[in-house]
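Reading through the structure tokens given below for one structure.
The values are calculated or read from the model by the stated rules, or taken from the named source; none is laboratory data. From a predicted model like this one, the values you see are computed outputs, not experimental measurements. All Cβ positions, even for glycine, are placed from backbone atoms using ideal geometry, and neighbour counts span all protein chains on display.
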Amino acid sequence: MNDLVNRDLDTIWHPYTQMKTAAKPIPIIKGEGVYLFTEDGKKLIDAVSSWWVNIHGHSHPYIADKVFEQLKQLEHVIFAGFTHPQAVQLAENLLSIIPKNQAKIFYSDNGSTAVEVAIKMCLQYWSNKGTQRQKILAFKNAYHGDTFGAMAVSGRSAFTAPFDALLFDVEFIDLPNKENLSTLKSKISQLKSELACFIFEPLVQGAGGMLMYAAADLDELILHCKQENVLTIADEVMTGFGRTGKIFASDYLENKADLMCFSKGLTGGTMPLGITSCKQEIYDAFLSDDKLKTLFHGHSFTANPVACAAANASFDLLMQAETQQNIQRVETKHHQFKQQIEKHPKLKEVRQCGTILALEWNTEGTSYFNNIRDILYQFFLEKGIILRPLGNILYIMPPYCISNTDLDYIYEQIKIALEDI
Ligand SMILES: *Cc1c(COP(=O)(O)O)cnc(C)c1O
């Protein structure tokens, strides 16, 4: 049985893992609904949706069938000079549910590449128009991915420290609130002739610690960017496809971003796939008889048909009334639990946005490396629940199909943790 673990340790380097001190990886041999099954027969509730990607449960039979059918039909084809039914269908599907100002779909492989593409589109948009605009505006504590461009527009932290000197300069501003809005707006006005774009995670900063902020304040910032002719990018990689209670966090906004990034829940968490969408005006700025105005970006697996088939299947499931009801049900259950515990002396704050519930533990220092993280992680694992705190921030972000019984069990265990730890 240890064979798999030993073979892993002999050969594999895991993500975000200090390989010297980390516990051995847990072999998972099956997934079904919200459950993951370990090699030694334990059943774990996946309460973090396997790094926020899973929305309909593991190994969903409908997605599996569609993927299998597609594999037998066409596994992959070069996407320059060629197209295929799944890519066209997915573009139509997505355009039917994202804000109406979005006109074109560009495919890539994951959330980080979706962000890279959005940034390159904005920078080259200005360059194609013969204007020099090379500064990017982002929020402090932002997370937009781990490739260099995505890292550069993310908040500087312990994770970026070894690379900081090589990351391009970005203007970081505080999250908006009623008090600082006018200061933020005048900063944007001051910088506007240099600003290529403003990138943000709408409503929830995920990896930054499930930090939440008001749609109305973001709305004002986006409107101000429009007035000042600064492009805006909504990074919906984590917030998309129902996470925040509506299909997109942008659905809470009146002013829509010029570009949007998608991944994670896009394929229901089945296959890697990224999408950058943009409004017509961005696309048009690349149309030219001058070949140098082309967007020179592409990946070997751009619009992989199998990944697109998984995304189309996930779309079908997301549009079902039952899924929409499940999203509302999880949101209501989280809300009730929040009211029960938010006054607990061990908690500094409890935050909720749709299906995301975050509990900030009252500890010294809020660093990711906080001890409480390891203690809580281990505590819940022993209870058969995968919860992976960000430092002192414990959050639940389950697949929408999670049952009330499993939610209640998780809430019960959190209450015990609040008493005992
Ligand atoms: C996870 C995440 C990314 C990066 O996506 P990957 O697929 O992990 O590269 C980008 N933006 C946000 C908001 C994310 O949560």
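Taking the stretch 347-421 as the region of interest, the strands (runs of 3 or more DSSP E) fully inside it that hold 1 or more residues being at pLDDT 95 or above, crowded, with 18+ Cβ neighbours inside 10 Å and over 18 Å from the mean Cα position of the chain (by Cα) are 347-353, 356-361. Determine whether residue 197 is assigned by the TED database to the domain that holds residue 155, more than 16 Å from the ligand (Cβ to nearest atom), among the hydrophobic types (A, V, I, L, M, F, W, C) and modelled with pLDDT of 95 or more. In short, no.
Six or more apart or on different chains, Cβ atoms under 7 Å: show the pairs whose first residue is in the stretch 184-203 and part of a loop (DSSP other than H, G, I, E, B) and whose second is among the hydroxyl-bearing types (Ser, Thr, Tyr) and buried (at least 18 other Cβ atoms within 10 Å of the Cβ). What qualifies is 201/239; 202/239; 202/250; 203/213; 203/239; 203/244; 203/252.
Among the residues of the stretch 72-88, those that are surrounded by fewer than 13 Cβ atoms within 10 Å (Cβ to Cβ) and among the hydrophobic types (A, V, I, L, M, F, W, C) comprise 78, 80, 82.
The condition of being surrounded by fewer than 11 Cβ atoms within 10 Å (Cβ to Cβ) and among the acidic types (Asp, Glu) holds for only one of 8, 46, 3, that being 3.
To keep it simple, each residue is scored yes or no on (1) under 19 Å from residue 302 (Cβ atoms); (2) in contact with a helix residue (DSSP H, G or I) (Cβ under 8 Å, 6 or more places away or on another chain).
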site	(1), (2)
96	no, no
107	yes, yes
119	yes, yes
143	no, no
165	no, no
177	no, yes
180	no, no
185	no, yes
188	no, yes
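May I ask you to verify whether residue 277 is away from the ligand (no atom under 13 Å from the Cβ), part of a strand (DSSP E or B) and crowded, with 17+ Cβ neighbours inside 10 Å? Spelling it out, residue 277 is indeed away from the ligand (no atom under 13 Å from the Cβ), part of a strand (DSSP E or B) and crowded, with 17+ Cβ neighbours inside 10 Å. Scanning the stretch 259-270 turns up no residue that is more than 13 Å from the chain's Cα centre (by Cα), more than 16 Å from residue 201 (Cα to Cα) and either part of a helix (DSSP H, G or I) or free of Cβ contacts under 8 Å to residues at least 24 places away in the same chain (or both). Applying the set (1) of a type in the set (Gly, Ala, Ser); (2) within 29 Å of residue 293 (Cβ to Cβ); (3) modelled with pLDDT under 95 to residue 127 leaves exactly one unmet item: (3).
Exactly one residue out of 88, 34 is of a type in the set (A, V, I, L, M) and in contact with a Pro (Cβ under 9 Å, 6 or more places away or on another chain), and it is 34. Look at the stretch 238-252: where a residue is within 21 Å of residue 50 (Cβ to Cβ) and a partner is in a helix (DSSP H, G or I) and among the β-branched types (Val, Ile, Thr), sitting 6+ places away or on another chain with Cβ atoms under 6 Å, you get 242/327; 247/97.
The strands (runs of 3 or more DSSP E) falling completely within the stretch 1-90 that include 2 or more residues that are more than 27 Å from residue 206 (Cβ to Cβ) map to 28-32. Quick check on the stretch 153-174. Is at least one of its residues within 12 Å of the ligand (Cβ to nearest atom), among the basic types (Lys, Arg), in contact with a strand residue (DSSP E or B) (Cβ under 9 Å, 6 or more places away or on another chain) and part of a loop (DSSP other than H, G, I, E, B)? So far as the stretch 153-174 goes, no, none of its residues is within 12 Å of the ligand (Cβ to nearest atom), among the basic types (Lys, Arg), in contact with a strand residue (DSSP E or B) (Cβ under 9 Å, 6 or more places away or on another chain) and part of a loop (DSSP other than H, G, I, E, B).
Picking from residues in the stretch 205-216 that are surrounded by fewer than 23 Cβ atoms within 10 Å (Cβ to Cβ) and assigned to a strand (DSSP E or B), the one that is nearest to the ligand (Cβ to nearest atom) is 211.
Taking the stretch 312-336 as the range and being in contact with a Phe, Trp or Tyr (Cβ under 9 Å, 6 or more places away or on another chain) and closer than 19 Å to residue 67 by Cβ as the test, the residues that pass are 313, 314, 315, 316, 317, 318, 323.
Would you confirm, using the coordinates I've provided, whether residue 69 is at pLDDT 95 or above and farther than 16 Å from residue 301 by Cβ? Yes.
Which of the residues belonging to the stretch 97-149 are within 15 Å of the ligand (Cβ to nearest atom), of a type in the set (Phe, Trp, Tyr) and either part of a helix (DSSP H, G or I) or outside the structural domain of residue 170 (by the TED database) (or both)? Within the stretch 97-149, 148 is the sole residue that qualifies. Give the residues of the stretch 126-142 that are out of contact with any strand residue (DSSP E or B) (no Cβ under 7 Å at 6 or more places or on another chain) and either among the aliphatic types (A, V, I, L, M) or surrounded by 18 or more Cβ atoms within 10 Å (Cβ to Cβ) (or both), sorted by residue number. Hit for the stretch 126-142 is 128, nothing else.
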